[in-house]
Amino acid sequence: METSWTQELLNWLNTHPGWGVAIVFLVAFFESLVLIGILLPGIIILFGVGTLIGLGLLEMIPIWMAASAGAFLGDTLSYLLGHRFRGHLLDIWPFSRYPTLMKRGTHFFNTHGAKSVVAGRFIGPLRPIIPSVAGMMGMKPARFLAVDIPACITWAPSFLLPGMLFGASLEVASEYTGRLTVMLVIIVAILWTTWWVMRSVYEPLATRSARWMRHGIRWSRRHPVLGRVAGRLLEPSKGDVLSVTMMGVLLVVIVWGLGMLLFLSPFADQPEALDRAVHDLALSLRNHLADPFMVAISQLSRWPVSIFAALALLLWLLGAGRKNAALHWLIAIGGGALLHLLLSWGLRTTPQVLEMADQTLQGPSAAMSLCTVVLSFFAVMEAGELPRRHRQWPYLVSALILILLMLARLYLGLEWLSGALMGVAVSLAWTAIVGIAYRQRAARRFSGATASLIFFGSFFALFAWQINANLSDDLATLEAPTVTRSIDRDAWWGSSWRDLPEERTQMASVASRQFNAQIAADPELVASLLARAGWNSTPEADWRWLIQALNPQPDQDSLPLLGRAFEGRSEELLLSKNLEPDGQLLTIRLWDSGVRLEPGGQVLYVAQLSEEKLVQRLGLFSYWRSTPLVQDRFGPIRDPLTQLEQKVVDEKLLLIRSSQAD
């Protein structure tokens with residue numbers, strides 16, 4: 001799953017670390033430069049550099065020094081600009097284009113004084129503003145340097161550390177399942193993009209909503225049809241123009257996009273092709289470590305979770321005397337439930353890979369629709385009870401939950417992408433319609449904190465109950481399928497062994513990714529023969545491994561081996577043997593290759609014969625790193641299996657099979 005250009009970039013940085021230092025210096029410099037830093041996603045770049053440090057491709061100390069020096073130089077130049085022009089700085093382009101931002105920085109400096117230089121270095125929007133404001137406000141150079149130098153030195157590692165931890169965790173994830181690594185990157189990227197887009201869109205709407213609403217109302221009143229249908233709905237309400245505008249714009253965009261999708265789908269192959277591409281990608285990322293988490297997240301789409309939370313909030317609204325809010329809440333949820341039923345009868349079907357899925361699992365678009373209506377309409381109600389500067393948070397929380405749910409269902413093959421997007425789009429359109437009507441008529445306020453406690457408490461309580469009730473059954477139902485094919489037994493022994501997979505994962509950073517054995521024998525027979533030579537069965541690690549990995553002095557007894565994945569499935573057999581006094585382990589891992597040998601239907605296993613060594617990353621956690629055994633090290637495995645037929649082919653691949661009579 002790793003593209004060639006990314007591997008080339010990593011290799012290039014590994015062999016040219018000086019360029020990494022130069023890049024970090026320039027990024028830190030420009031990100032600290034007044035106003036320019038607003039446009040540069042320096043934190044993202046530093047996070048990526050920290051990831052490379054965690055992966056061991058770059059050294060921490062030179063990067064730390066480069067980031068601190070770049071930040072200090074940028075701060076100093078910004079300070080000198082402010083010190084030189086003082087109050088006239090606000091009249092000079094481009095500073096004159098950002099009066100609100102400069103005013104915010106001035107207010108922050110007046111409130112906190114010299115401490116603002118330190119605090120501003122760690123606050124993204126203020127980082128490229130505070131040094132110039134300090135110079136503009138007459139802060140003495142010696143005083144500025146005394147607080148800015150320590151701030152720059154401590155700032156660099158604080159923003160590199162998250163990337164370092166992420167990079168180190170990716171190394172561990174890559175060691176055990178390359179698919180998990182790619183999946184983690186995709187999920188983090190999508191969630192962060194959602195967060196960034198919503199934050200970026202909300203602020204422009206907040207400053208322009210009043211003008212847009214006035215134009216929209218005047219136009220709607222002049223329209224002969226729309227004026228009669230939606231005239232009253234679009235009347236502005238005092239102090240709540242922004243929210244009404246956001247829902248109105250959202251409604252227009254969603255309806256237009258849905259109409260285009262429905263119109264073009266019958267005449268183009270692209271929706272189906274995109275659906276198939278996303279489905280194939282999701283299937284290729286399936287792995288046994290992520291499956292329980294994704295199946296647990298998918299429980300959010302079960303109707304009892306949404307309905308219970310909706311009923312709990314409805315009863316509280318009625319008990320608190322908020323009949324108007326309760327009526328609109330009932331209308332919104334009732335419409336969402338109706339959408340849930342209608343969508344379960346139509347649109348696209350569940351992907352064919354899950355024909356064996358249990359009928360209790362909800363259909364694709366229907367499952368997303370009800371949860372979308374419940375979460376999004378609660379966000380509309382909750383935002384109306386918050387101060388303007390905090391109204392974006394309910395929308396952000398709901399969006400992140402829905403995105404995570406959609407990713408889980410796509411990953412498990414329970415959704416076509418177009419079906420999921422249609423279900424969400426229709427639900428958001430319905431939410432926007434009811435939300436506009438509610439905001440126009442919401443006269444009495446209620447406690448947003450109490451409503452959130454009741455709603456999310458009920459929502460996540462039922463979510464936890466659904467996980468407890470359904471996780472085991474759903475894991476079995478949604479297990480990644482094994483694609484089987486048949487090969488003649490003698491043909492495999494002769495040359496068809498070349499047709500089997502050569503690697504467990506395509507992640508180039510994993511040292512032990514190649515299969516170095518193929519075994520056509522009962523795993524129980526292999527285990528019993530090896531047990532006589534001191535090989536032991538290794539129990540499957542659980543969540544406690546995360547705690548055990550933090551042991552500062554790990555050993556074989558305190559840190560178990562983790563399982564690895566091949567095509568989304570864990571090992572059929574994992575055995576280990578202690579190598580005294582080296583403190584290392586020999587391991588053998590077997591996976592079902594999907595091949596059956598005829599005659600007889602014997603399962604053919606692909607295997608990794610490895611040596612495992614304890615490795616500690618960043619002085620924080622440890623894991624077993626694997627290196628493949630070469631031919632001259634096969635003895636401890638071959639010797640106990642002498643009653644089975646064996647041979648080495650291509651000087652690196654061990655073939656083992658039981659006799660025909662067995």
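The values are calculated or read from the model by the stated rules, or taken from the named source; none is laboratory data. Just so we're clear, the structure is a prediction, and the values are computed from it rather than from any experiment. No Cβ is skipped: glycine too gets one built from the backbone with ideal geometry, and neighbour counts run over all protein chains shown.
Name the single residue that is farthest from Pro150 (Cα to Cα) among those in segment 68-110 being modelled with pLDDT under 80, of a type in the set (Val, Ile, Thr) and over 36 Å from the mean Cα position of the chain (by Cα).
My answer is Ile92.
Kindly evaluate Thr372 against the criterion of being at pLDDT 85 or above, hydroxyl-bearing (Ser, Thr, Tyr) and within 27 Å of Leu313 (Cα to Cα). Spell out how you get there, then give the answer.
Numbers: at pLDDT 85 or above: yes; hydroxyl-bearing (Ser, Thr, Tyr): yes; within 27 Å of Leu313 (Cα to Cα): yes.
Yes, satisfied.
When both residues are 6+ apart or on different chains and their Cβ atoms are under 8 Å apart, which pairs have a first residue that lies in segment 495-507 and is in the same structural domain as Ser570 (by TED's automatic domain parsing) and aliphatic (A, V, I, L, M), and a second that is modelled with pLDDT of 90 or more and assigned to a loop (DSSP other than H, G, I, E, B)?
Leu500/Phe515
Of all residues in segment 321-338, which are out of contact with any Phe, Trp or Tyr (no Cβ under 6 Å at 6 or more places or on another chain) and either surrounded by fewer than 22 Cβ atoms within 10 Å (Cβ to Cβ) or acidic (Asp, Glu) (or both)? Reasoning before the result, please.
Going through segment 321-338, the residues out of contact with any Phe, Trp or Tyr (no Cβ under 6 Å at 6 or more places or on another chain) turn out to be 321, 323-327, 329-331, 333-334, 336-338.
Passing the criteria: Gly321, Lys323, Asn324, Ala326, Leu327, Leu330, Ile331, Gly334, Ala337, Leu338.
Within segment 458-479, track down each residue that is out of contact with any Pro (no Cβ under 9 Å at 6 or more places or on another chain) and either hydrophobic (A, V, I, L, M, F, W, C) or free of Cβ contacts under 8 Å to residues at least 24 places away in the same chain (or both). Reasoning before the result, please.
Keep residues of segment 458-479 that are out of contact with any Pro (no Cβ under 9 Å at 6 or more places or on another chain), which gives 458-461, 463-464, 467-470, 472-474, 476-479.
Listed by number, the residues that qualify are Phe459, Phe460, Ala461, Phe463, Ala464, Ile467, Asn468, Ala469, Ser472, Ala476, Leu478.
State yes or no: is Leu145 assigned by TED's automatic domain parsing to the domain that holds Gly74 and either more than 37 Å from the chain's Cα centre (by Cα) or more than 23 Å from Phe25 (Cα to Cα) (or both)?
On the way: assigned by TED's automatic domain parsing to the domain that holds Gly74: yes; either more than 37 Å from the chain's Cα centre (by Cα) or more than 23 Å from Phe25 (Cα to Cα) (or both): yes.
It is true that Leu145 is assigned by TED's automatic domain parsing to the domain that holds Gly74 and either more than 37 Å from the chain's Cα centre (by Cα) or more than 23 Å from Phe25 (Cα to Cα) (or both).
Does Leu620 satisfy being surrounded by fewer than 20 Cβ atoms within 10 Å (Cβ to Cβ) and at pLDDT below 90? Before the answer, list the steps.
Numbers: surrounded by fewer than 20 Cβ atoms within 10 Å (Cβ to Cβ): yes; at pLDDT below 90: yes.
Criteria met by Leu620.
Might you check whether a residue that is charged (D, E, K, R) and modelled with pLDDT of 75 or more occurs anywhere in segment 5-22?
Within segment 5-22, none of the residues are charged (D, E, K, R) and modelled with pLDDT of 75 or more.
Determine which member of the set Pro41, Pro62 is within 20 Å of Pro162 (Cα to Cα) and modelled with pLDDT under 65. Even if it seems obvious, please write down each step before you answer.
Working: Pro62 fails: modelled with pLDDT under 65.
Testing whether each residue is within 20 Å of Pro162 (Cα to Cα) and modelled with pLDDT under 65 leaves just Pro41.
Give me the residue from segment 604-647 that is over 22 Å from Asp557 (Cβ atoms) and charged (D, E, K, R) and, out of that set, nearest to the chain's Cα centre (by Cα).
Arg633
I'm trying to understand the selection: among the residues of segment 553-576, which are farther than 14 Å from Glu540 by Cβ and without any contact (Cβ under 8 Å) to a residue 24 or more places away in the chain?
Selection gives Gln553, Asp557, Ser558.
Are any residues in segment 277-297 in a helix (DSSP H, G or I) and either hydrophobic (A, V, I, L, M, F, W, C) or in contact with a strand residue (DSSP E or B) (Cβ under 7 Å, 6 or more places away or on another chain) (or both), and if so, which ones?
Let us first name the residues in segment 277-297 that are in a helix (DSSP H, G or I), namely 277-285, 291-297.
Hits for segment 277-297 are Ala277, Val278, Leu281, Ala282, Leu283, Leu285, Phe293, Met294, Val295, Ala296, Ile297.
Do we have any residue at all in segment 606-623 that's β-branched (Val, Ile, Thr), touching a Leu at 6+ places or on another chain (Cβ under 8 Å) and either within 30 Å of Leu58 (Cα to Cα) or part of a strand (DSSP E or B) (or both)?
Checked segment 606-623: at least one residue is β-branched (Val, Ile, Thr), touching a Leu at 6+ places or on another chain (Cβ under 8 Å) and either within 30 Å of Leu58 (Cα to Cα) or part of a strand (DSSP E or B) (or both).
Restrict the check to segment 390-407 and report whether at least one residue is modelled with pLDDT under 85, surrounded by fewer than 22 Cβ atoms within 10 Å (Cβ to Cβ) and either over 22 Å from Thr193 (Cα atoms) or of a type in the set (Ser, Thr, Tyr) (or both).
no
Working only within segment 619-660, note down all residues that are among the acidic types (Asp, Glu) and out of contact with any helix residue (DSSP H, G or I) (no Cβ under 9 Å at 6 or more places or on another chain). Even if it seems obvious, please write down each step before you answer.
Step one: of segment 619-660, the residues among the acidic types (Asp, Glu) are 632, 639, 645, 650-651.
Correct list: Asp632, Asp639.
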